[in-house]
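Chemist: My questions all concern the structure below.
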Amino acid sequence: DFAAFAEAAELAVGRGCVHVVEDRRLESPGTWVGWARRDESKVHFGWSLGRQDGSVDAASLQSVLQRCTRQACQSQLREVDTEPSEPEHVPGDEGPSSEESSDRATLVQRLFFGTSETTLTYAADGVEKVETKEDTFFQVFLNVQHGDLYSAWEAASGGSVDYKPESGDGVKAESATWIKRPPKLLFFQIHRVNFDSETNSEVKLDDPFTFDSRIYIDRFLKHNAQAATSSRERAAQLRKQIHEVQSRAALFASTPNGAMSEVLERAAACVDSAVSGDDKSCVSNWPEAGSVAQNLAQGAGASELLRALAKAAEWQVDSAKSKAEELKLQVQQTYAEMQSVPYDLHALWIHRGHARSGHYWVFIRAGGDRWLACNDTEVAEVTAEEVMRTATGGPDAPGGNTSAYVLVYADATLASQVAEATPTKVREDAMSWATAEQVQQVRDDNHHIEVEFLRDAGSRKQEELDQHVEAICMSFIKRKAVWNNAKLKCDQRPKIFSGATQELPDGSLLSEEGFVYSKHSESALNELLWRKSVDEARQERKWTDVDDPAVLNSLAARIQSDDGELPFNKESDIYMWRMSFGEDSVLQSGFAECRVTARVFCEALELLKRDSTKLVEALGQLAGLWAFGITADRHRYHEVMMVCSILIFHTVNMFTDLPPAVASSPPIRHKVEEASRLFGYMVLAFDWPEHWKQPVINKLAAFFPAIAELWQNRRTPGWVTQQSRQLTQLAFVKPVQQEPVPDAGEELYNRHRFLYSWVVRDCETVVRSYKAALLSVTDATV
């Protein structure tokens, strides 16, 4: 189809410089002939293609298009002053003459192509060899991950490469490329597309990449190789120092608990509060608090020392930052003597979109500091700031996913000769040769690309959601594997009230997972693991709260379609997960209370272990824990009653066995009555079985007579509440301090386990020690 061919030729040539002026069929059927003329420049040529059977020869078509393009470029780059002749078909036409080709090549080569020299140095058979080759280059490829033009260009100009000499095996060679003759127009192509093995697809790299409006190429020129190499080595040393200084600053600027200066300031405040005896200090209620406070007071100046260290740490950070800036300035000054060959930014090819789709437009200098944005049929003047902001890329790029793919720099002398242009003039010139069909085609293409953007955005969004979900599932699998190892300790927990067992490991003190599993269920544990997995993936992949519903819905679909890869029972867990995920849940409640009650429980037993004379005080602390501190933790509730029951039982029996002469001794009788009053209200208030309470109450009545009458009224409405209120008013029974909340882990788990085992195993020994201390207050003997 000749018309289709002519249209393709016209588009290939560009700027409307080829027009079909005549076409006619040759005498041979099925062969088309056509010719074209550019009237003003007097350029004319002809062509023919096709076969006798009417089929199109693709090779002939390509050859014709190339000749059209060459002829059109010739008309643009130089005047061809030839007299027009009758166009005729010249079979085998090979285009312009050799003289014309030479002139054209010289101009094109000067404008667009440069020459470079690459030196390869390698060792072969123990001998250092050097090979040098000269190449022609059109553009310089830059890796966006180097962050700026100079760094990327230096990286592209040399380094270690794999090289295969003409003879011998492949070797490692050091490569160095220098420019011998730079082109007048210097093209840089920024490598912004990479292959993502995770998604098995190409992705666009939106990293920011900086460059200056004027650059100096001296450091890349062959005649400066020696000085440039020395400067590069010096700059590399400085950059290494910058990295070391920044790493040192990071040690002081950031710790898991904040900047080191802030941590030291908090430590100094802790020292001050400990020395002053503040009940909210970090050592409050700690068994060794007294000795620590005393040591701190004796070593006066501890807080001052910490604050001095805080100032020192802050100085280290400021000093490192200042040193880094100084070194960066030295890097810039390294090349200060190499600024004699300037190139100015002339044009930028901008891409908006992704690796597989997008839209291009151009920023081009329109004389002086003026810039034009040429975007299909639209031409507008823009500021230099907008050009740089759009071209740099990164998260702040206008419109997102927008950055420069190609930078064009012009020799400064050539750049200064660029004629000024206005948006209107440029657009009018372009539209003077564009047909209405072409304009409509551009508009249609733009519509299609916008639709593609939307469709691609939806596809990318789903891919992104799938990646989020995969990250969540991988985190869950890892957390479940870790939990399965810890689960063994939680499963060692015996049933409460199955007897005064000497082992009562509490897995809820190991971790939040242990708490949820021990106090709730494995389904609740799975919910917690899902929550933590989502939080971890959200922090790692940085999706926003707005994306949460879509991520969670995709995750729910993934769980429901699970084929057994995920280690949990979706049949029993999915309902709870979908109903409560993302909302306040009972899973979190009680974890802090569990650790606080464990702390108070341990503190009471540690008091008793250090000093058996504190038996009543220790039981008072446990009574306070029962009355004020336990709400949802039924495990701790029964644990406290178990310990209290065995201590009260043995102590009351000891009181009963005291000889009358000893028991009536005023000092002893006072302590026994005081203890019996506490024991009595504990027995009345605690929900122990009546068959256990009755014998104990009968024995306590000898030392606390009122208990008998109180016990007889136990059927009275509100009686238990009244006894509980009386218990809380005793001097030994105090409200539980909610701070500090100890960390869950092996330390708290083992501390609790040891103390419980100790008191159950040695309770009779404890009571005997208490009895011995009690008898020591009088001369009476047993």
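Chemist: Would you confirm whether or not the range 186-198 contains a residue that is of a type in the set (Ser, Thr, Tyr), open to solvent by 20 Å² or more (accessible area, probe 1.4 Å), out of contact with any His (no Cβ under 6 Å at 6 or more places or on another chain) and touching a residue at least 40 places away in the same chain (Cβ under 8 Å)?
Modeler: No, the range 186-198 has no match at all.
Chemist: Name the residue, out of ALA397, ALA412, ALA384, ALA421, that is under 30 Å from TYR343 (Cβ atoms) and at pLDDT below 80. Break it down into steps so the answer makes sense when it comes.
Modeler: Working: ALA412 fails: at pLDDT below 80; ALA384 fails: at pLDDT below 80; ALA421 fails: at pLDDT below 80.
From the options ALA397, ALA412, ALA384, ALA421, the qualifying one is ALA397.
Chemist: For the condition in a helix (DSSP H, G or I), of a type in the set (Val, Ile, Thr) and at pLDDT 85 or above, what is the one hit in VAL245, VAL292? It would help to see each step written out before you state the result.
Modeler: Working: VAL292 fails: at pLDDT 85 or above.
Only one candidate passes the filter, namely VAL245.
Each row is one residue, and each column tells you yes or no for (1) in contact with a helix residue (DSSP H, G or I) (Cβ under 6 Å, 6 or more places away or on another chain); (2) farther than 18 Å from ASN653 by Cα; (3) of a type in the set (A, V, I, L, M).
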residue: ASP687; (1), (2), (3): no, yes, no
residue: LYS693; (1), (2), (3): yes, no, no
residue: LYS699; (1), (2), (3): yes, no, no
residue: PHE704; (1), (2), (3): yes, no, no
residue: GLU709; (1), (2), (3): no, yes, no
residue: ARG714; (1), (2), (3): no, yes, no
residue: PRO717; (1), (2), (3): no, yes, no
residue: GLN723; (1), (2), (3): yes, yes, no
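Chemist: Is there a residue in the range 460-475 that is open to solvent by 40 Å² or more (accessible area, probe 1.4 Å), farther than 30 Å from SER213 by Cα and modelled with pLDDT under 80?
Modeler: Taking the range 460-475 and keeping what is open to solvent by 40 Å² or more (accessible area, probe 1.4 Å), we get 460-464, 466-467, 470, 474.
Okay, now just the ones that are also farther than 30 Å from SER213 by Cα, so 460-464, 466-467, 470, 474.
Those still in the list that are modelled with pLDDT under 80 too: 460.
Yes, that holds for at least one residue.
Chemist: Out of all the residues in the range 201-234, which are among the charged types (D, E, K, R) and either farther than 27 Å from GLU117 by Cα or not in a helix (DSSP H, G or I) (or both)? Outline the logic, then answer.
Modeler: Restricting attention to the range 201-234, the residues satisfying the condition of being among the charged types (D, E, K, R) are 202, 204, 206-207, 212, 214, 218-219, 222, 232-234.
If the condition is that a residue be among the charged types (D, E, K, R) and either farther than 27 Å from GLU117 by Cα or not in a helix (DSSP H, G or I) (or both), then GLU202, LYS204, ASP206, ASP207, ASP212, ARG214 are the ones that fit.
Chemist: Just the residues that are modelled with pLDDT under 85, among the polar types (S, T, N, Q) and open to solvent by 40 Å² or more (accessible area, probe 1.4 Å), please, taken from the range 502-543.
Modeler: The answer is GLN502, SER521.
Chemist: I would also like to ask the following. Could you check, for the range 706-721, whether at least one of its residues is within 60 Å of the chain's Cα centre (by Cα), closer than 30 Å to CYS594 by Cα, open to solvent by 60 Å² or more (accessible area, probe 1.4 Å) and at pLDDT below 90? Steps first, answer last, please.
Modeler: To start, the set of residues in the range 706-721 that are within 60 Å of the chain's Cα centre (by Cα) comprises 718-721.
Subsequent filtering for residues that are closer than 30 Å to CYS594 by Cα retains 718-721.
Adding the requirement that they be open to solvent by 60 Å² or more (accessible area, probe 1.4 Å) leaves 720-721.
In the following step, the residues that additionally are at pLDDT below 90 were identified as 720-721.
Yes, there is a match, as at least one residue in the range 706-721 is within 60 Å of the chain's Cα centre (by Cα), closer than 30 Å to CYS594 by Cα, open to solvent by 60 Å² or more (accessible area, probe 1.4 Å) and at pLDDT below 90.
Chemist: From the list GLY353, GLY358, pick out the single residue that is open to solvent by less than 40 Å² (accessible area, probe 1.4 Å), outside any helix (DSSP H, G or I), on the phi > 0 side of the Ramachandran plot and in contact with a Lys or Arg (Cβ under 6 Å, 6 or more places away or on another chain). Step through it out loud before you land on a result.
Modeler: Working: GLY353 fails: in contact with a Lys or Arg (Cβ under 6 Å, 6 or more places away or on another chain).
Exactly one residue qualifies, and that residue is GLY358.
Chemist: Need a quick list: helices (runs of 4 or more DSSP H) entirely within the range 382-459 having at least 1 residues that are among the acidic types (Asp, Glu) and farther than 19 Å from ILE350 by Cβ. Spell out how you get there, then give the answer.
Modeler: Values: elements: 384-392, 412-415, 423-433.
Per the criteria, 423-433.
Chemist: Here is a follow-up. Farther than 21 Å from ALA618 by Cβ and aliphatic (A, V, I, L, M): which single residue out of ALA708, ALA685, ALA731 fits that description?
Modeler: Numbers: ALA685 fails: farther than 21 Å from ALA618 by Cβ; ALA731 fails: farther than 21 Å from ALA618 by Cβ.
Sole residue among the options that is farther than 21 Å from ALA618 by Cβ and aliphatic (A, V, I, L, M): ALA708.
Chemist: Could you identify the single residue in SER167, SER201 that is open to solvent by 40 Å² or more (accessible area, probe 1.4 Å), more than 23 Å from PHE137 (Cα to Cα) and polar (S, T, N, Q)?
Modeler: Among SER167, SER201, only SER167 is open to solvent by 40 Å² or more (accessible area, probe 1.4 Å), more than 23 Å from PHE137 (Cα to Cα) and polar (S, T, N, Q).
Chemist: Which residue, of ALA412, ALA404, ALA421, ALA471, is of a type in the set (Gly, Ala, Ser) and under 30 Å from ALA557 (Cβ atoms)?
Modeler: Details: ALA412 fails: under 30 Å from ALA557 (Cβ atoms); ALA404 fails: under 30 Å from ALA557 (Cβ atoms); ALA421 fails: under 30 Å from ALA557 (Cβ atoms).
Just one listed residue meets the conditions, ALA471.
Chemist: Taking the condition at pLDDT 85 or above and either touching a Gly at 6+ places or on another chain (Cβ under 6 Å) or assigned to a loop (DSSP other than H, G, I, E, B) (or both), does ALA772 pass? If you could, list the steps in order and put the result at the bottom.
Modeler: Working: at pLDDT 85 or above: yes; either touching a Gly at 6+ places or on another chain (Cβ under 6 Å) or assigned to a loop (DSSP other than H, G, I, E, B) (or both): no.
So ALA772 fails the test.
Chemist: Follow-up question, since we're still on this one. For the range 660-672, which positions are surrounded by fewer than 14 Cβ atoms within 10 Å (Cβ to Cβ) and either part of a helix (DSSP H, G or I) or at pLDDT 90 or above (or both)?
Modeler: Of the residues in the range 660-672, the ones surrounded by fewer than 14 Cβ atoms within 10 Å (Cβ to Cβ) are 660-661, 664, 666-667, 670.
If the condition is that a residue be surrounded by fewer than 14 Cβ atoms within 10 Å (Cβ to Cβ) and either part of a helix (DSSP H, G or I) or at pLDDT 90 or above (or both), then PRO660, ALA661, PRO666, PRO667, HIS670 are the ones that fit.
Chemist: Filter the range 761-774 down to the residues that are surrounded by 17 or more Cβ atoms within 10 Å (Cβ to Cβ) and of a type in the set (A, V, I, L, M) and list them by number.
Modeler: Result: VAL766, VAL767, LEU774.
Chemist: In addition: Of the residues VAL144, VAL161, which is touching a strand residue (DSSP E or B) at 6+ places or on another chain (Cβ under 8 Å) and closer than 23 Å to GLY394 by Cβ? Break it down into steps so the answer makes sense when it comes.
Modeler: Values: VAL161 fails: closer than 23 Å to GLY394 by Cβ.
None of the others qualify; the one that does is VAL144.
Chemist: Still on this structure, please answer the following. Tally time: how many residues in the range 142-193 are hydroxyl-bearing (Ser, Thr, Tyr) and assigned to a strand (DSSP E or B)?
Modeler: Of the range 142-193, the ones hydroxyl-bearing (Ser, Thr, Tyr) are 150-151, 157, 160, 163, 167, 175, 177.
From what is left, the residues that are assigned to a strand (DSSP E or B) are 160, 163, 175, 177.
Selection size over the range 142-193: 4.
The values are calculated or read from the model by the stated rules, or taken from the named source; none is laboratory data. Computed from a prediction, not measured in an experiment: that's the story for all the values here. With ideal geometry, Cβ positions are generated from the backbone for all residues, glycine too; neighbour counts draw on all protein chains shown. SASA here: full protein model, heavy atoms, side chains in, ligands and nucleic acids out. Shrake-Rupley method; radii C 1.70, N 1.55, O 1.52, S 1.80 Å.
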